[in-house]
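Input: a single structure, listed below in C-alpha cells.
The values are calculated or read from the model by the stated rules, or taken from the named source; none is laboratory data. Keep in mind it's a predicted model, so treat the numbers as computed, not measured. FYI the Cβ positions are ideal-geometry reconstructions off the backbone, even for glycines, and counts take in every protein chain you see. Just so you know, the surface numbers come from the protein's heavy atoms only, side chains and all, with ligands and any DNA or RNA stripped out. Shrake-Rupley method; radii C 1.70, N 1.55, O 1.52, S 1.80 Å.
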Amino acid sequence: MSFDWQQYLSLAEYMQGHADDFPDAEACHRSVISRAYYAAMCVCRNYVKEHEGKEFSGDIHKALQNYLKANPHNEIRTRIGNQLQQLHQDRVKADYYDDMHESPVYKAGKALIQAKKIINNLSYLS
C-alpha cells in the first residue's frame with residue numbers, strides 16, 4: 001500500500017496545534033512548513049503521474065513547478081504551480097536559513113493554508 005501524502009498535512013496541522021508543548025516551538029513551526037510543503041508537492045507529483053503519465057527526475061521540485069506553469073491558458077494549473085513554488089521557497093527558508101526574517105508561527109499557518117489550497121485546486125483539474 002502506498003503512503004497517503006495528505007497524512008503529512010494532518011501531521012503538520014497537529015504539530016501546529018501543539019507547538020507550545022514542544023521544548024522549541026520555532027523548530028516545530030519550521031517543521032510544519034516543511035511537512036505542509038511535502039504533502040502538497042507529493043500529492044501534486046502523484047496527481048500528474050496518475051492523470052497525465054508524467055514522471056520527473058533530477059530537481060523534481062522545480063521540474064514539477066515548471067510543468068504545472070507551462071500552460072498559461074490553464075489558470076488553475078498555473079495557480080497551482082505558482083502556489084507550489086512559493087510554498088517551496090518557504091520550505092527552503094524553514095529548513096536551511098538561520099533567520100527566516102518572518103515569524104515562524106505566521107509562516108507555518110500560511111503554509112498550512114497554502115498546502116490545502118494546492119491540494120484542493122487539483123480537484124478542479126479533472
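Worth a mention:
- Test: R79 is open to solvent by 50 Å² or more (accessible area, probe 1.4 Å) and either of a type in the set (A, V, I, L, M) or part of a helix (DSSP H, G or I) (or both): yes
Okay, residues lined up against (1) touching a Ser or Thr at 6+ places or on another chain (Cβ under 6 Å); (2) polar (S, T, N, Q); (3) within 20 Å of R77 (Cα to Cα):
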{"position": "D4", "(1), (2), (3)": "no, no, no"}
{"position": "H18", "(1), (2), (3)": "no, no, no"}
{"position": "S31", "(1), (2), (3)": "no, yes, no"}
{"position": "S34", "(1), (2), (3)": "no, yes, no"}
{"position": "Y38", "(1), (2), (3)": "no, no, yes"}
{"position": "V43", "(1), (2), (3)": "no, no, yes"}
{"position": "N46", "(1), (2), (3)": "no, yes, yes"}
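- Selection status of K117, under 15 Å from the mean Cα position of the chain (by Cα) and not aromatic (F, W, Y): yes
- Test: residue in region 27-35 that is under 15 Å from A111 (Cα atoms), among the aliphatic types (A, V, I, L, M) and touching a residue at least 12 places away in the same chain (Cβ under 8 Å): yes
- Options L112, L84, L64: the member that is touching a Gly at 6+ places or on another chain (Cβ under 9 Å) and open to solvent by less than 50 Å² (accessible area, probe 1.4 Å): L64
- When region 13-54 is filtered for residues that are aromatic (F, W, Y) and in contact with a Leu (Cβ under 7 Å, 6 or more places away or on another chain), the ones remaining, listed by number, are Y37, Y47.
- Single residue of D90, D95 found to be loosely packed, with under 15 Cβ neighbours inside 10 Å and in a helix (DSSP H, G or I): D95
Results for (1) modelled with pLDDT under 95; (2) out of contact with any His (no Cβ under 7 Å at 6 or more places or on another chain), shown as yes or no for each residue.
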position: Y14; (1), (2): no, yes
position: K49; (1), (2): no, yes
position: E52; (1), (2): yes, yes
position: K62; (1), (2): no, yes
position: H88; (1), (2): no, no
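- Pick from region 13-24, criterion hydrophobic (A, V, I, L, M, F, W, C) and within 16 Å of A111 (Cα to Cα), ranking: least open to solvent (accessible area, probe 1.4 Å): A19
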